[in-house]
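First up is the structure itself, then whatever we jot down about it.
The values are calculated or read from the model by the stated rules, or taken from the named source; none is laboratory data. These numbers come from a predicted model, not from an experiment. With ideal geometry, Cβ positions are generated from the backbone for all residues, glycine too; neighbour counts draw on all protein chains shown. All accessible areas refer to the heavy atoms of the entire protein, side chains included, with ligands and DNA or RNA removed. Shrake-Rupley method; radii C 1.70, N 1.55, O 1.52, S 1.80 Å.
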Amino acid sequence: FLGAGKPPMYGDYEAQRHWQEVTYNLPIRQWYFNTSDNNLQYWGLDYPPLTAYHSFLCAYIAKLINPDWIALHTSRGYESQPHKLFMRTTVFVADLLIYIPAVILYCFSLKETSTKKKASICALCILLYPGLILIDHGHFQYPLSLGFALWGVLYLSYDWDLLGSVAFCLALNYKQMELYHSLPFFCYLLGKCFKKGLKGKGLVLLTKIAGTVVVSFAVCWLPFCTDMEQIMQVLRRRFPIDRGLFEACMFSSPPPHLANIWCSLSVLIKIKNIISPQIQLKLSFAVTFLSLLPTCIKLTVQPSLRGFKFALVSCALSFFLFSFQVHEKSILLVSVPVCLIINEIPFMATWFLLVSTFSMLPLLLKDGLLLAYAVTMLALLLACVASFSIFEKTSAEDLQLKPFSLSLKGYVSWFKSFPKIVRSLFLLSISLMGVLSLMSAAVHPPQRLPDLFPVSVSIISCLHFLLFLVYFNVVILWDSKNSRSQKKIS
């Protein structure tokens with residue numbers, strides 16, 4: 001794993017272990033504060049309270065097995081095969097308890113997967129997604145926030161709005177990056193209340209949801225509510241704005257190798273040098289907000305479960321491309337919602353999942369995961385081809401673009417050859433990713449351009465993501481099915 005045996009930080013494995021050390025040995029009031037026993041510069045806790053509670057639970061079990069694993073101060077940089085097995089087991093158990101059941105139940109709840117075989121195949125394709133296997137699991141990142149978010153989607157699909165609200169509050173209180181999904185949840189539920197009428201059932205539902213959210217947050221934050229300074233310190237640790245626009249990027253050498261718009265533009269324009277951090281923050285907020293606005297308005301005015309799922313993809317992708325302080329692993333927050341619509345648009349979903357994994361290639365190469373990357377990418381592609389016959393589903397109708405094509409009226413002659421064009425672009429894209437992957441692994445870049453391959457991966461991935469953002473917004477804004485599904489909500 002990345003950083004193993006390399007002081008002073010040792011990598012993500014040490015981060016998770018150190019959080020267990022801190023939460024078990026120190027009182028709660030010290031978890032987020034810089035003290036002689038808790039150096040925040042050394043993997044200080046910077047996630048919400050549920051992550052800290054989970055670390056404490058794992059630490060309690062670790063203490064029973066081997067106290068040396070979490071001994072205060074002396075365990076820093078601790079590495080052993082038994083402890084690695086323990087850490088891997090905790091990730092796997094979290095998967096088994098939260099994420100995998102949510103995926104399986106979601107697939108079995110879909111109308112399109114009417115048989116157990118179809119539902120099982122859909123679940124298999126989602127669980128084969130290389131990003132979670134190689135990145136989240138490889139970096140000891142527990143999939144609990146994504147799992148809770150999936151439970152939220154599942155509950156909302158059954159109109160269990162209060163349970164869905166609780167599940168998403170848990171997700172948000174586990175990792176603040178779940179803000180990527182917050183606006184679709186908010187707009188969908190608010191839209192349902194509007195449709196029911198804010199003078200009747202809608203007002204009752206809105207009051208219940210608001211109360212549920214407040215109570216959920218209060219329970220999660222209760223130990224930190226002893227004074228305002230505690231609350232403010234947790235918030236400061238969750239949102240370290242002063243670190244800058246690209247702080248969360250994995251690579252220290254400029255330009256940062258991240259497939260979002262700011263890092264890609266920095267190749268041509270040194271944004272960090274010509275724009276102050278305050279202006280960077282305002283600019284990223286403005287662009288992110290404007291890119292989200294059409295989807296959020298449509299979902300609020302015409303709430304539907306289908307629109308909600310597509311909005312999760314579109315909004316998360318907007319956050320990834322335009323927001324402040326993004327990490328290359330944040331693309332997973334877009335990929336998991338894409339998995340939820342793989343049964344509806346299997347061709348585009350498969351394409352996106354492949355590109356999202358490719359976008360993390362520089363990080364995977366640093367982890368020494370080239371072979372695992374190639375095998376899991378191929379496994380996902382073959383599974384989707386065999387399960388969904390993706391190359392046979394490239395018509396405008398299959399890609400949910402029929403309403404858009406009809407709106408063009410007399411300018412749709414090129415739509416006749418649309419399937420062939422899309423398949424050709426897909427094959428070109430796959431070939432480009434394959435060639436660049438091989439070159440990144442086997443070819444030494446020119447001395448004058450040491451970052452040539454990582455930057456190329458970032459820019460090519462960013463261009464893909466921009467086109468995907470346009471595509472998903474077109475599908476959402478021209479979706480005529482939303483209006484029909486409003487009747488059910490009403």
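Here are a few things to note about the model shown:
- Residue check for residue 174: of a type in the set (Phe, Trp, Tyr) and more than 21 Å from residue 295 (Cα to Cα): yes
Each row is one residue, and each column tells you yes or no for (1) closer than 27 Å to residue 272 by Cα; (2) at pLDDT 95 or above; (3) open to solvent by 10 Å² or more (accessible area, probe 1.4 Å).
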position: 338; (1), (2), (3): no, yes, no
position: 341; (1), (2), (3): no, no, no
position: 354; (1), (2), (3): no, yes, no
position: 363; (1), (2), (3): yes, no, no
position: 371; (1), (2), (3): no, no, yes
position: 385; (1), (2), (3): no, no, yes
position: 395; (1), (2), (3): no, no, yes
position: 402; (1), (2), (3): no, no, yes
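- Residue check for residue 356: touching a residue at least 12 places away in the same chain (Cβ under 8 Å) and within 23 Å of residue 451 (Cα to Cα): yes
- Here residue 135 fulfils each of the conditions (1) modelled with pLDDT of 95 or more; (2) closer than 23 Å to residue 18 by Cβ apart from (1).
- Lone qualifier among 324, 320, 358, 347 - being among the aromatic types (Phe, Trp, Tyr), open to solvent by less than 10 Å² (accessible area, probe 1.4 Å), farther than 24 Å from residue 424 by Cα and in contact with a helix residue (DSSP H, G or I) (Cβ under 6 Å, 6 or more places away or on another chain): 320
- Residue list for region 346-375, filter: assigned to a loop (DSSP other than H, G, I, E, B) and in contact with a His (Cβ under 9 Å, 6 or more places away or on another chain): 359, 367
- The number of residues in region 335-358 that are closer than 14 Å to residue 471 by Cβ, of a type in the set (A, V, I, L, M, F, W, C) and out of contact with any Leu (no Cβ under 7 Å at 6 or more places or on another chain) comes to 5.
- Close contacts from region 36-49, counting a first residue that is farther than 12 Å from residue 239 by Cα and assigned by the TED database to the domain that holds residue 178 and a second that is open to solvent by 10 Å² or more (accessible area, probe 1.4 Å) and of a type in the set (S, T, N, Q), with Cβ to Cβ under 6 Å and a gap of 6+ residues or different chains, come to 38/30; 40/34.
- Boolean, residue 378 is part of a helix (DSSP H, G or I), closer than 25 Å to residue 422 by Cβ and without any contact (Cβ under 8 Å) to a residue 24 or more places away in the chain: yes
- Output for region 214-240, where each listed residue is farther than 14 Å from residue 47 by Cα, in a helix (DSSP H, G or I) and of a type outside the set (S, T, N, Q): 214, 215, 217, 218, 219, 222, 223, 228, 229
- Of all residues making up region 282-304, the number that are of a type outside the set (Gly, Ala, Ser) and either surrounded by fewer than 18 Cβ atoms within 10 Å (Cβ to Cβ) or part of a loop (DSSP other than H, G, I, E, B) (or both): 12
- Helices (runs of 4 or more DSSP H) (entirely within region 123-200) containing at least 1 residues that are polar (S, T, N, Q) and closer than 30 Å to residue 369 by Cβ: 144-157
- Looking at region 385-480, the helices (runs of 4 or more DSSP H) lying wholly inside it that each contain 3 or more residues that are under 26 Å from the mean Cα position of the chain (by Cα) and among the polar types (S, T, N, Q) sit at 418-442, 452-477.
- All helices (runs of 4 or more DSSP H) inside region 1-114 with 2 or more residues being open to solvent by 10 Å² or more (accessible area, probe 1.4 Å) and aliphatic (A, V, I, L, M): 49-65, 81-94, 100-109
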